[in-house]
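Enquirer: Can you read through this structure? Questions will come right after.
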Amino acid sequence: MSRFMRLRRRPDDWSDAHERARRRLAERLDGPLGLTEATWLDEHLVGCAACTAIAADYEADRLALRAMRDDRPEPPRDLWARTAAGIEAAAGTRGAEDKVRRSLPLGALSGVAVMVIVVGVSLLSGGISIDQHGTVTGEDPSGEGPGLASLDPNPEGPVQPTPIVVGEREVAWVDKGPDGLSRLQVVVDEVCPAEGKSGCPTVSDAARQQLAIVSAPKQIVGSPDRTQAVAISKSAAAGDELVVVALVDATATPAPSSQPTASPSPVASDAASPEPSARASATTEPRASATVPAASAPLPSAAVASIEPSATPTQTAAARLAIATGIEVVGQSAAFSSSGGWFAFTARPADDATRTDVYVWRVGDAQAHAVTTDGQSYFASWDGEALIASRPDDPDTADSDPTTVSIDPATATESDAGDVWRPAVDGSGELAIVWDGSLRSSEDGRGWVPAEGSLELRAWSDTGAQPGDGDARQRRVTDRAPRDFDVRWDQTGEWVAVWLADEDDATVGRLTLYHVDRDEVRLEEVDGAPVDVPALSGFSIGDGRLAWATPRGQGGESSRIQIAAWSETDVGIVESSPGEDPIVIR
């Protein structure tokens, strides 16, 4: 039995569709529904006259409530005189009141005036008034006698949410600071429950490390041991540049790597005219065991020359190594292997927009190189030390079915892994979330996107995704074709986060965290966990926590880093202060 079985799960299987619709119609009065439920409700109302009538009644109630905003009650003409007298008496002297008033800014005085009017109306409506000497008269509902103190249900201040203790969870992101791009890292050990987020304090910035990156990155992918990361940024020349930066204190000189370096062929910077690779033909033979280089080998010693003193007193700028230039990175699937010895991504040459291949970088090598040469391959995820790639089986048509292969990154040997698209395999190699359906050529003609089918959880083995058993609704993420998607698992394989891109902007989408019932192979939504929340592309999931950046404009603010963390019984959320385009280190 899962150690998370005590978590309160959202109802994901309604016995009565009409009951579900009525519940969602009521919730819609309080605010917008999530994307999944809003879509389901709209489709249900099209064919259900009874629920449509209820929806019309709710709409009438909503309009009636909104109309009440224009019919403001007139306060008594002597309200301010009596309220001011009470305040003056409570302050003790007029001089004390003037002193306080002079010390408050105009905005604060306006807030006090609003508070006084609200309190005055509340007192009068309850049969309680303040006489000219400041004495409270009238009935006291509490039965404790008159007095302003007895009217405050919580004289010590507003009730704060009870925090959820989640243990220490580390989260890191990159933000713009006065000295350029810096890495910020915080340790979160408490979060707020979903119903108490409004009073939840923001996380404070902790360690800040200046990074040796010239331009703002589009993605930053950290190694499993978090000692280094690959930053993907726009190149000053053309296309993208992939730079490896150290995420450790760079004051100590890294030792030269003793790991043998293979000559890459071809290198990414020459990808426009790749040479034939050693990739073997696809075969159904058992997958070759990938050669695993030492995990997190240090950067080559030549990279140490780029270290410069930092303006911050804590750490210096990190070392850097450019492993690919002159390419355009495609999608959000770039990732290190489980050992940290390999890094894979999808890219196309900057001067050839129609060719898409899978590239790999072995830690310790000078550059990345293409491991496929068909011009139609997309990196999906790692299955241990074997990389999983997908491609259309008929790229010469506008519509196609997908095919997936497992590739040994050291030898480029391929083996068949089924007919699904871009499977995201969990760390155990037993489960995966896959697109099961057809593909179509993207609108710009530069790639392939899902067409008809569903994104769902499947059992996984060496031969690929297995047919699903049981209720497909409990495995399904969506049956609408997303423009792009990103799936990432935590280390336990009991939690998975799925990001679906918006139709109009591939950098903005909706993020949902699922708990996974591994025995039943089904997905579960949990109370307090993020469901269809707005999120920028590029999120991070780790031991007991999920982190993402909110799009600009949420609440009229800049982007924030939001962190969902969980204990054995609860899930809560905490966020950072607004920042300058923060990017989560995945």
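The values are calculated or read from the model by the stated rules, or taken from the named source; none is laboratory data. The shown structure was predicted, so the numbers you read here are calculated from the model rather than taken from an experiment. Cβ atoms come from the backbone with ideal geometry, glycine included; neighbour counts cover every protein chain shown. Protein only, heavy atoms only, side chains kept; ligands, DNA and RNA dropped before computing areas. Shrake-Rupley method; radii C 1.70, N 1.55, O 1.52, S 1.80 Å.
Enquirer: Given the conditions (1) in contact with a helix residue (DSSP H, G or I) (Cβ under 8 Å, 6 or more places away or on another chain); (2) closer than 23 Å to Arg226 by Cα, and given that Ala547 satisfies all but one, which numbered condition is not satisfied?
Expert: Against the list (1) in contact with a helix residue (DSSP H, G or I) (Cβ under 8 Å, 6 or more places away or on another chain); (2) closer than 23 Å to Arg226 by Cα, Ala547 comes up short only on (1).
Enquirer: Looking at Asp504, Asp444, which one is over 20 Å from Thr39 (Cβ atoms), assigned to a loop (DSSP other than H, G, I, E, B), out of contact with any helix residue (DSSP H, G or I) (no Cβ under 7 Å at 6 or more places or on another chain) and free of Cβ contacts under 8 Å to residues at least 60 places away in the same chain?
Expert: Asp444
Enquirer: Please determine whether any residue of the range 319-332 is at positive phi, part of a strand (DSSP E or B) and not hydrophobic (A, V, I, L, M, F, W, C).
Expert: Within the range 319-332, one or more residues are at positive phi, part of a strand (DSSP E or B) and not hydrophobic (A, V, I, L, M, F, W, C).
Enquirer: When you look at Trp448, is it of a type in the set (Phe, Trp, Tyr) and in contact with an Asp or Glu (Cβ under 7 Å, 6 or more places away or on another chain), yes or no?
Expert: In short, no.
Enquirer: Still on this structure, please answer the following. Restricting to strands (runs of 3 or more DSSP E) lying wholly in the range 133-223: which have 3 or more residues that are within 33 Å of the chain's Cα centre (by Cα) and either at pLDDT 80 or above or within 30 Å of Phe345 (Cβ to Cβ) (or both)?
Expert: Because the criterion is at least 3 residues that are within 33 Å of the chain's Cα centre (by Cα) and either at pLDDT 80 or above or within 30 Å of Phe345 (Cβ to Cβ) (or both), the strands (runs of 3 or more DSSP E) in the range 133-223 that meet it are 164-177, 180-193, 207-210, 217-222.
Enquirer: Out of all the residues in the range 426-433, is one or more at pLDDT 90 or above, over 19 Å from Ser337 (Cα atoms), open to solvent by less than 30 Å² (accessible area, probe 1.4 Å) and part of a loop (DSSP other than H, G, I, E, B)?
Expert: no
Enquirer: All but one of (1) more than 15 Å from the chain's Cα centre (by Cα); (2) closer than 27 Å to Pro201 by Cβ; (3) among the hydroxyl-bearing types (Ser, Thr, Tyr) hold for Thr492; which doesn't?
Expert: Evaluating Thr492 over (1) more than 15 Å from the chain's Cα centre (by Cα); (2) closer than 27 Å to Pro201 by Cβ; (3) among the hydroxyl-bearing types (Ser, Thr, Tyr) leaves (2) as the failure.
Enquirer: Also: Looking for something modelled with pLDDT of 80 or more, open to solvent by less than 70 Å² (accessible area, probe 1.4 Å) and more than 37 Å from the chain's Cα centre (by Cα) - is there at least one such residue anywhere in the range 60-75?
Expert: no
Enquirer: Assess whether Arg522 counts as being closer than 25 Å to Ser338 by Cβ and modelled with pLDDT under 95.
Expert: Yes.
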